Amino acid sequence: MTPYKHLDRSIAGKTLLVTGAASGMGRATAHLFAREGANVMATDMNGEGVQVVAEEIRAAGFENVQAMALDVSDHDALKASVEATVKAFGGLDILINNAGFARLAHPSEDAYEDIWHASVNVMLTAHQRLIRAALPHLMKTETGGRIVNIASTEGLGATPGNGPYVAAKHGVIGLTRAMAVDLGRDGVTCNAICPGPIETGINASIPDDHKVIYAKRRVPLRRYGIPEEVANITLSLCLPAASYLNGAIIPVDGGMSIKNA
Ligand code: NAI
């Protein structure tokens with residue numbers, strides 16, 4: 001029999017760049033990866049907010065983190081963030097495209113057009129730009145470069161009034177599959193996570209009682225998730241041992257997307 005081959009389940013010493021890390025799932029991802037021994041470049045358009053997150057991580061005893069202001073809609077700044085990461089930590093092994101926002105509009109509203117452009121720019125175009133900027137470094141990674149795109153259950157279906165976001169997130173799923181197919185030969189995997197309702201800044205304005213009613217009606221686990229529950233799945237996709245997972249679209253939604261009634 002072929003001897004059992006133990007695959008590495010540690011990201012210690014790997015370098016991660018994560019966008020949108022001042023809040024919610026990006027923040028939880030920065031915390032978790034730093035705790036697991038990765039070097040973390042935490043970025044966000046909220047430069048002060050992401051510095052605070054880096055300080056939290058250092059205060060918890062993990063020095064392997066740096067923060068930088070990055071608006072992902074700025075193409076040059078995306079390239080600069082990759083260069084800064086490589087300069088700080090000597091390489092780039094893992095990229096998490098996470099930054100995003102939610103702005104509702106009905107197709108009959110004039111605002112739809114602007115929201116469309118902003119949504120596609122921040123939550124789709126920026127992903128491919130950052131992937132392409134990071135690619136030369138991801139390809140050099142010994143155990144295989146890792147890309148995780150944070151899509152949404154809005155990439156699998158549609159909620160009324162959310163068209164631009166829905167279109168961008170469906171695009172993220174297409175981009176993930178396209179990158180998985182194109183980059184496989186370079187040993188780089190690209191997967192996407194589709195979070196369901198997760199308690200973060202993006203939905204902070206929804207009253208708690210509405211969230212409870214929604215979750216009980218729609219989610220088999222009958223609650224919102226917490227950012228850490230998504231960050232841990234993101235981490236799983238980035239392990240050296242996750243070496244044969246490529247182009248997967250993974251819901252982390254308490255079962256919401258498979259519930260019929
Ligand atoms: P959040 O609002 O807590 O965090 C999003 C972060 O992205 C913020 O810190 C914000 O400053 C940053 N950001 C927004 N635009 C940016 C830009 N142009 N450049 C750089 N940073 C920018 O929200 P959350 O929920 O943690 O969002 C993370 C991702 O998860 C987003 O892509 C969102 O669409 C996605 N998502 C969230 C769900 C939820 O229920 N919370 C469900 C499904 C997907």
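Pairing residues of the stretch 30-53 that are touching a residue at least 24 places away in the same chain (Cβ under 8 Å) with residues that are of a type in the set (Phe, Trp, Tyr) and crowded, with 24+ Cβ neighbours inside 10 Å, at Cβ distances under 8 Å and at least 6 apart in sequence or on separate chains, gives Val40/Phe33.
State whether the residues of the stretch 232-252 include one that is open to solvent by less than 20 Å² (accessible area, probe 1.4 Å), within 11 Å of the ligand (Cβ to nearest atom), in contact with a helix residue (DSSP H, G or I) (Cβ under 6 Å, 6 or more places away or on another chain) and not hydroxyl-bearing (Ser, Thr, Tyr). There is no residue in the stretch 232-252 that is open to solvent by less than 20 Å² (accessible area, probe 1.4 Å), within 11 Å of the ligand (Cβ to nearest atom), in contact with a helix residue (DSSP H, G or I) (Cβ under 6 Å, 6 or more places away or on another chain) and not hydroxyl-bearing (Ser, Thr, Tyr).
Looking at this structure, is Ser10 on the phi < 0 side of the Ramachandran plot and in contact (Cβ under 8 Å) with a residue 60 or more places away in the chain? Break it down into steps so the answer makes sense when it comes.
Numbers: on the phi < 0 side of the Ramachandran plot: yes; in contact (Cβ under 8 Å) with a residue 60 or more places away in the chain: yes.
Yes; evaluated as a whole, the condition is true for this residue.
Pull out all pairs, ordered by first then second residue, where Cβ-Cβ is under 7 Å, the residues are six or more apart or on different chains, the first lies in the stretch 72-86 and is of a type outside the set (Val, Ile, Thr), and the second is more than 13 Å from the ligand (Cβ to nearest atom) and in a helix (DSSP H, G or I). Here the result reads Leu78/Ala133; Lys79/Ala133, each pair linking the stretch 72-86 to a residue that is more than 13 Å from the ligand (Cβ to nearest atom) and in a helix (DSSP H, G or I). The combined condition, being within 14 Å of the ligand (Cβ to nearest atom) and crowded, with 20+ Cβ neighbours inside 10 Å, is not fulfilled by Gly145.
Looking at Leu92, Leu130, just one residue is more than 9 Å from the ligand (Cβ to nearest atom), part of a loop (DSSP other than H, G, I, E, B) and surrounded by 15 or more Cβ atoms within 10 Å (Cβ to Cβ), and that residue is Leu92.
The values are calculated or read from the model by the stated rules, or taken from the named source; none is laboratory data. Note that this is a predicted model, so its numbers are computed, not measured. Here Cβ is always computed from backbone atoms with ideal geometry, including for glycine, and neighbour counts include all displayed protein chains. Side chains included, ligands, DNA and RNA excluded: accessible areas come from the protein's heavy atoms. Shrake-Rupley method; radii C 1.70, N 1.55, O 1.52, S 1.80 Å.
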